[in-house]
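The values are calculated or read from the model by the stated rules, or taken from the named source; none is laboratory data. Quick caveat: nothing in here was measured; it's all calculated off a predicted structure. Don't worry about glycine lacking a Cβ; one is built from the backbone with ideal geometry, like all the others, and counts go over all protein chains shown. Each accessible area value is taken on the protein alone, full model and side chains, heavy atoms only, with ligands, DNA and RNA left out. Shrake-Rupley method; radii C 1.70, N 1.55, O 1.52, S 1.80 Å.
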Amino acid sequence: MKRHPFLYSFVVILLLWLLLYWGIHKPFIPSPLAVGFYMATHFKLILIHLGSSFYRIIVAIFITVLLGGTTGILLARSQRVDRFLSPIIYTLFPIPKIAFLPLLMLFLGLGNASKITLVATILFFQIVISVRDGVKSIPEGYYLVMKSMNASAKEVYRHLIFPALLPSLFTALRISVGTSISVLFFAENYATQRGIGYFIMDAWIKLDYVGMFSGIIAISLMGIVMFLVLDKLEAHFCKWHH
């Protein structure tokens, strides 16, 4: 468990899967062997759909980090901006933004733009709040130390604000990965023929349960890879934190 946590989780999930397969005897619970063979023979097809979903998520996260991070810093550093924007953000945050998908499709079309915008809109509020709280948690004495050293505004951001907000940002990104995959799974069921969400639902409609499970495993592996990449990036950029 300590040395190989992912191998441990794989074995546990596989055992539970086998128990369901042996105990239920229903066609919608295929055998792991059949699913593994399907993924091997349809590797290129699954990779194409997975690549489309991955592209949408990465672009949405990049846009969100850029806009949401900037907004979060402004909220934390300016009381005037905070008083003006925070009530608006708190009002809009609980609204289920996924309901805006038809409207986004009307404005941005049926392609990637509407789906990326939907995911970015949902993640925006998570990033803003996390970055704002991360910057606000910096003790005021740190700013005084930087000021006593005649640090410029650029140096304050580079050596104090950015390093301080990174742990909060990476935490928000981990949450955002799970959220973005869930939202994109829903969005890819409308007006598209590319994406792992479309692949899973298309297999389900065709009663191709082996293909459906293959898509579920593929989307899970994509999430694991993204989490591992975030862990590596955090370990590299937040060495002082660890």
How many of the residues in segment 93-104 are more than 20 Å from the chain's Cα centre (by Cα) and either at pLDDT 85 or above or over 15 Å from residue 189 (Cβ atoms) (or both)? 1
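Could you tell me whether residue 64 is of a type in the set (Ser, Thr, Tyr), touching a residue at least 12 places away in the same chain (Cβ under 8 Å) and either open to solvent by 30 Å² or more (accessible area, probe 1.4 Å) or under 25 Å from residue 196 (Cβ atoms) (or both)?
So residue 64 passes the test.
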Test: residue in segment 15-38 that is within 30 Å of residue 112 (Cβ to Cβ) and either open to solvent by less than 100 Å² (accessible area, probe 1.4 Å) or polar (S, T, N, Q) (or both): yes
For residue 219, indicate whether it is crowded, with 17+ Cβ neighbours inside 10 Å, among the β-branched types (Val, Ile, Thr) and under 15 Å from the mean Cα position of the chain (by Cα). yes
